[in-house]
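Quick notes on the structure that follows.
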Amino acid sequence: MPASLWIARLVLALLCVGFAHMLGRVAARSFGQGARSAGLWRWVLRTVVAGLGLLWRAGLDWLSITAYALAALAAAYGIYLERRPRKQEDLSRLIFPGN
């Protein structure tokens, strides 16, 4: 396989992992609120197309398996980030320094 296709496949793998992360965040947000959003399907489509693009010329090899595993971990991490409680920073001392 030419080196240019390997570079394109590496870029697709990185895109697939990034899209999966955003898919996890949007999925946790939309399922947490109980309403499905159109943005969820957009991220699903992006992730699936990038994942299938990895299989186009080379088939199932080490790069595609690694990308799928990292995409699954990125989606889980996106869900985790969206579900965990966020710590609110107290800015009242900066706004009102005399109190």
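The values are calculated or read from the model by the stated rules, or taken from the named source; none is laboratory data. Bear in mind that the values here come from a model prediction, so they are computed numbers and not experimental data. FYI the Cβ positions are ideal-geometry reconstructions off the backbone, even for glycines, and counts take in every protein chain you see.
What is the residue count in region 71-99 for residues that are within 15 Å of Ala13 (Cα to Cα) and buried (at least 17 other Cβ atoms within 10 Å of the Cβ)?
3
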(request) Give the residues of region 80-99 that are outside any loop (DSSP other than H, G, I, E, B) and either of a type outside the set (Lys, Arg) or without any contact (Cβ under 8 Å) to a residue 40 or more places away in the chain (or both), sorted by residue number. (result) Tyr80, Leu81, Glu82, Ser92, Arg93, Leu94, Ile95
(request) Could you check Leu60 against (1) in a loop (DSSP other than H, G, I, E, B); (2) under 11 Å from the mean Cα position of the chain (by Cα); (3) not basic (Lys, Arg) and say which number it fails? (result) (2)
(message) Looking at Leu12 and the list (1) under 25 Å from Pro85 (Cα atoms); (2) surrounded by 19 or more Cβ atoms within 10 Å (Cβ to Cβ), which single condition is not satisfied?
(response) (1)
(message) When you scan region 36-47, do you find a residue that is at pLDDT 90 or above and closer than 15 Å to Val11 by Cα, even just one?
(response) yes
(request) Identify all residues within region 27-50 that are surrounded by fewer than 20 Cβ atoms within 10 Å (Cβ to Cβ) and in contact (Cβ under 8 Å) with a residue 24 or more places away in the chain; write none if there are none. (result) Ala28, Arg29, Gly32, Arg46
(request) Kindly provide the set of residues from region 1-56 that are among the aliphatic types (A, V, I, L, M), farther than 19 Å from Ala69 by Cβ and in a helix (DSSP H, G or I), ordered by number. (result) Ala3, Leu5, Ile7, Ala8, Val26, Ala28, Ala38, Leu40, Leu45
(request) Scan Met22, Met1 and give me the residue that is of a type outside the set (Lys, Arg) and surrounded by fewer than 16 Cβ atoms within 10 Å (Cβ to Cβ). (result) Met1
